[in-house]
Amino acid sequence: MREKLKYLKGVLTICVMWISNKSGLLFSALLLLTILMIADYVSGMLAAKKESLQYPYNPKYGWSSKASIIGIYKKVGYILTIFVAISTDFLIFKFAEEMHLQSNNNTMFGLLITIWLIINELLSILENAGRMGVTLPLFLLKLLAELKDSIDKKD
């Protein structure tokens, strides 16, 4: 199941990247990612607050300034990763132009990374909604459990 999920996520990312690239939607994708990063941050804080009310005597639950700062660092890491990807695109296509190679695209890696991060943010928002008590379909719960398990193993 985990391999199918990675494959599906990769195929979806590439398809959306190709469509966006043909449509020139890098700016729109970056705007969407920014909105989703804010929504993820806010939904994470709301979920933590809900858990602190639900489990008032358990220090494991609740809002943590340390976790909040780590979340901000993660978002900054996203931005830096996209910056590197867009810079790589610029170098590739600038040198291709200098060598008189024909290229119809002006972005590839930047859009790919942006779409990948959009999918990650969407999954994180769903996870936070589940923590707030929203009933999610069973297939989404299994998907989130597997993603969380794979992330925990990386840590």
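The values are calculated or read from the model by the stated rules, or taken from the named source; none is laboratory data. Everything numeric here is computed off the predicted structure, so don't read it as measured data. With ideal geometry, Cβ positions are generated from the backbone for all residues, glycine too; neighbour counts draw on all protein chains shown. Just so you know, the surface numbers come from the protein's heavy atoms only, side chains and all, with ligands and any DNA or RNA stripped out. Shrake-Rupley method; radii C 1.70, N 1.55, O 1.52, S 1.80 Å.
Structure values in brief
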read-out	value
Total lysine pairs whose alpha carbons fall under 16 Å of each other in the range 43-142 (8 or more apart, or interchain)	5
Solvent-accessible surface (1.4 angstrom probe) belonging to residue 89, in square angstrom, nearest 10	0 Å²
Heavy-atom SASA rank of 132, 37 (probe 1.4 Å, accessible area, largest first)	132, 37
Mean Cβ count within 10 Å, highest first, over the residues of peptides 93-99, 29-35	29-35, 93-99
Net charge, residue 51 excluded, C-beta distance under 10 Å - Lys, Arg +1, Asp, Glu -1	+4
